[in-house]
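Written out below as structure tokens is the structure these notes cover.
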Amino acid sequence: THPDLQDIALACDAEGRLGALLAHLRVPHGTVLDLGCNLGLFCHYFEKIGFDCVGIEINPDVAGAAAQFARNESRRLQVRVGDILSPGVHDPLLAQRHDLVLALNVLHHALNTREDFERLQILLGKMRPRQMFLELQDADDRQSRNAYARFDDSEFVAFVQHAVGLPIAQPIHRAHDGRAIYSLHLDAPSAP
């Protein structure tokens, strides 16, 4: 978001994804937990509209860059390094309830092995957000063909919904590469 970087195009349909998230945001303020925050772009935007954000990133170099970007822009974003599936990483983060969880193109990595799938179940069982944005993997992702746990899109959404206790799932965006984003939340949309 820094002015010196404005002419660099965003990857992965970031602008379209962010627009969809903001248009379907049901939590007006609070805390955001971004699983796999990368460089923290989404956290920067949520912080601009009043949220307190914590990002978790498994790659130490990327996490370091995200923290540096946050400092350079005087953001409050807290960046943690580690594997979100590890209780030593997620237990301290989940000690505080997060109103909104961003799980954008990240949870499907935990389907590859039995151990990671079981750790994902434990992690999701500890979460109780008011809303979650869940981005699914590309249906043709080669990794998923040999995964321990295999779900189609609707099965995976139902699995996550049940685990985090959010009964409503609404598709809100489909990126140019076919990846869908869902808003998982507690209540049905209000009538106009």
Scanning region 26-47 residue by residue, the ones that are assigned to a strand (DSSP E or B) and open to solvent by less than 10 Å² (accessible area, probe 1.4 Å) total 4
Within region 13-25, how many residues are out of contact with any helix residue (DSSP H, G or I) (no Cβ under 8 Å at 6 or more places or on another chain), open to solvent by 50 Å² or more (accessible area, probe 1.4 Å) and in contact (Cβ under 8 Å) with a residue 12 or more places away in the chain? 2
Taking region 99-120 only, how many residues are assigned to a helix (DSSP H, G or I) and among the hydrophobic types (A, V, I, L, M, F, W, C)? 5
Which of the residues spanning region 54-89 are among the small types (Gly, Ala, Ser), outside any loop (DSSP other than H, G, I, E, B) and open to solvent by 20 Å² or more (accessible area, probe 1.4 Å)? GLY64, ALA65, ALA67, GLY88
Mind checking whether some residue in region 102-115 is of a type in the set (Asp, Glu) and in contact (Cβ under 8 Å) with a residue 12 or more places away in the chain? no
May I ask you to list the residues in region 90-116 that are touching an Asp or Glu at 6+ places or on another chain (Cβ under 6 Å) and open to solvent by less than 30 Å² (accessible area, probe 1.4 Å)? LEU102, LEU104, ALA110
Of all residues in region 151-178, count the ones that are assigned to a strand (DSSP E or B) and among the charged types (D, E, K, R). 1
Quickly run through region 160-175 and pick out the residues that are touching a residue at least 60 places away in the same chain (Cβ under 8 Å) and either open to solvent by less than 50 Å² (accessible area, probe 1.4 Å) or touching a Gly at 6+ places or on another chain (Cβ under 9 Å) (or both). VAL164, ILE172, HIS173, ALA175
I'm trying to understand the selection: among the residues of region 82-97, which are at pLDDT below 95 and either touching a strand residue (DSSP E or B) at 6+ places or on another chain (Cβ under 6 Å) or among the charged types (D, E, K, R) (or both)? ARG97
So for region 121-140 (the condition being surrounded by 13 or more Cβ atoms within 10 Å (Cβ to Cβ), within 15 Å of the chain's Cα centre (by Cα) and assigned to a helix (DSSP H, G or I)), does at least one residue qualify? yes
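The values are calculated or read from the model by the stated rules, or taken from the named source; none is laboratory data. Keep in mind that this is a model prediction, so the values were computed, not measured. Positions of Cβ are generated from backbone atoms using ideal geometry, with glycine treated the same way; all protein chains shown enter the neighbour counts. These area figures cover heavy atoms from the full protein model, side chains too; ligands, DNA and RNA do not enter into them. Shrake-Rupley method; radii C 1.70, N 1.55, O 1.52, S 1.80 Å.
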